[in-house]
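Down below is the structure, laid out as structure tokens.
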């Protein structure tokens, strides 16, 4: 065996920026779901989209809301009810979606088979 391998500096296998704490990772996922719920609800309520697109967004919104509630339950079961309540409160106070984000027209065109 090469001594260079044994003497080489240890390489960190987990990239920086990735939460290492399971609770922190769960809170990050909860925040991402909250962001998607807000954004999808905003698009679903927009007057600038068609009926079919609105129905699809409504189904997506129902699915996202269920995933959000499931993630809160998951945090409660894996950590504690208090941690889940704290995570929910933290996410609801910190996750914001900028006002100017419009529904992506490219996605609507792709769904209709234009691309």
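Please compute the length gained on full extension between residue 79 and residue 47, using 0.36 nm multiplied by the number of residues separating them and subtracting their Cα-Cα distance.
The span from residue 79 to residue 47 would gain 7.4 nm if fully extended.
Calculate the all-directions average of the projected area of the range 25-84's alpha-carbon convex hull, and give it in nm².
Dividing the Cα hull surface by four gives the mean projection, 4.0 nm².
For the pair residue 58/residue 94, report the inter-label distance in nm, with labels modelled 7 Å from Cα in the Cβ direction.
3.5
Does a label point 7 Å from the Cα of residue 21, set along Cα-to-beta-carbon, have any residues of the range 71-95 with amide nitrogen under 19 Å, and which are they?
72-95
We did not get these values from a lab; they are worked out from the coordinates using the rules stated. Not measured: the values here are computed from a predicted model. Note that we place each Cβ from the backbone using ideal geometry, even for glycine, and neighbour counts take in every protein chain shown.
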